[in-house]
Every structure is written in structure tokens, then in C-alpha cells.
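Okay, structure first, notes after.
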Amino acid sequence: MLSEHLFQKEITVTKEVELAYLLSLPTDYNDNEKEFPLLLFLHGMGERGNDLELVKRHGPPKLAEKQSFPFILLAPQCPLELSYSTWALYLDDLMALIDHISTVYRVDAQKIYVTGLSMGGYGTWELAKKYPDRFAAAAPICGGGSIKGIERLKDVPVWAFHGEKDDVVPLDEGEKMVQALQDVGGNVKLTVYPDAAHDSWTDTYRNPDLYTWLLQQEKK
């Protein structure tokens, strides 16, 4: 007679991640021991590669050169190993990076946000859909994507932005995502700039209302 023995074992699997990144801390980070919100910024297609200076071309990393934000700014660079490399290939890597930063710095786990432009706008939608329990809010700019799994974002506040004259990522790409999220009862809003083409990020990231809104969001 054969006897079967069941054994319970636990195993920890670690993933090696290679992502270069920029990090900006609030000016008062070392003044006390409090935790800080974290904003993950995903750049566009033109900033891929192995030169971190490219990541400073647009958005919060560019602004952080001259001002301080009241949150930890994390801006990784998408590798250009393949011509079609996009953030969609690195979703798990991005979360592993956030987990790493959260162990090294005092990150408020209830206030982690993601935003990105163009390719990074697509990445913002996809990352937030895959890990909705990790993000308190998302702000995709001139992005789009698949509406598959959009219901997973039902409880994550989303503020999307797009230029009406965008000829790179047409406005209806963003509207499709917003409408699908509205249809499942999501907390989502869309700002359309009537005179803007693809660059709808400059005005967005210069607007303090975006950061005020993000910092008001918190995981329950």
C-alpha cells in the first residue's frame, strides 16, 4: 500500500530587476520620521534607453530640477532592449521597484500614485489595472489601452488628460478608457484641452491642482 504524505512548505521568490531611475525627495524628508506619499512617473517613448538625462525632458522630473514636491518622486527609465519595448513589458518590474524603494525610504503605502504621458499614459492605465490594490490614484496623460479588466479600477480614482487635436494618440483612445470605467461605476474624470495636440502634459504637470488632487487620495 502506498501512503501519501503532504508537506507544507513556504518559498520566497525574488525577481532580479534592472531599471535605472531618478529619485527626488521632499526638502523636509530628513526633518522628521514621517512617511511620505510616492508618485511614480512613467515617461514617453522618446525617453527610452540608458541615459537618465532623457527622463528629465518632461513632466515632474523636469520640474523637480527647479522645485521640490511634497512627495517622493520615482521616475524609472524604460529599457530599449527591443524596438517595441514599452512599459507593458515591465509592469512587474515597476512594482518590484516600488517595493524596493518602500523598504529604503519612508513611503506611505496608502498614498502611492502613478502618472505618465503618451507611452507612459498607456503604462499608467495598464499598471493601475494590474495592481489596483497598490495605487491610491492614477493620472494618465494622452494615453489609451485595452478596456479589458477595466472593472478592476472601479475603486481607484482616475483623472485622465488629453489634447483634442492629438494626432499621435487620438482623443478617442482616452475617451474609450474613461467611458469604459464610467460604465462600471468608476471614479474617473477627463480633462480635454481644446487647442492642444499631443503635448497635453506640459499644462497638466504645471497645474498645482493635479498634485492637490493626488494628495487628497488615500487607500482605505
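The values are calculated or read from the model by the stated rules, or taken from the named source; none is laboratory data. Remember, it's a predicted structure, so these values are computed and weren't measured experimentally. Reconstructed Cβ throughout: ideal geometry from the backbone, glycine too, with neighbour counts over all protein chains shown. Quick note on the areas: whole protein, heavy atoms, side chains included, nothing else; ligands and nucleic acids left out. Shrake-Rupley method; radii C 1.70, N 1.55, O 1.52, S 1.80 Å.
Restricting attention to region 181-219, the residues being more than 19 Å from the chain's Cα centre (by Cα) and among the basic types (Lys, Arg) number 0. Looking at Val156, Val168, just one residue is among the hydrophobic types (A, V, I, L, M, F, W, C), loosely packed, with under 15 Cβ neighbours inside 10 Å and in a loop (DSSP other than H, G, I, E, B), and that residue is Val168.
Listed by first and then second residue, the pairs linking a residue in region 89-112 that is among the small types (Gly, Ala, Ser) to a residue that is part of a helix (DSSP H, G or I), with Cβ atoms under 8 Å apart and 6 or more places separating them unless they lie on different chains, are Ala109/Ser102. Of the residues Ile147, Ile141, the single one that is open to solvent by 60 Å² or more (accessible area, probe 1.4 Å) and hydrophobic (A, V, I, L, M, F, W, C) is Ile147. Exactly one residue out of Ile147, Ile101 is within 21 Å of Asn50 (Cβ to Cβ) and β-branched (Val, Ile, Thr): that is Ile101. Name every residue in region 66-120 that is in a loop (DSSP other than H, G, I, E, B), modelled with pLDDT of 95 or more and open to solvent by 60 Å² or more (accessible area, probe 1.4 Å), in order of residue number. Passing the criteria: Pro70, Tyr105. Of all residues in region 41-65, those satisfying the criterion of being surrounded by fewer than 24 Cβ atoms within 10 Å (Cβ to Cβ) and of a type in the set (Asp, Glu) are Asp51, Glu53, Glu65.
Collect the residues in region 200-217 that are exposed (fewer than 13 other Cβ atoms within 10 Å of the Cβ) and either outside any helix (DSSP H, G or I) or in contact (Cβ under 8 Å) with a residue 12 or more places away in the chain (or both), keeping them in residue-number order.
Arg206
Of everything listed in (1) among the basic types (Lys, Arg); (2) in contact with a helix residue (DSSP H, G or I) (Cβ under 9 Å, 6 or more places away or on another chain); (3) over 28 Å from Pro70 (Cα atoms), the single unmet condition for Lys129 is (3).
Regarding Lys176, is this residue surrounded by fewer than 17 Cβ atoms within 10 Å (Cβ to Cβ), among the basic types (Lys, Arg) and assigned to a strand (DSSP E or B)? In short, no.
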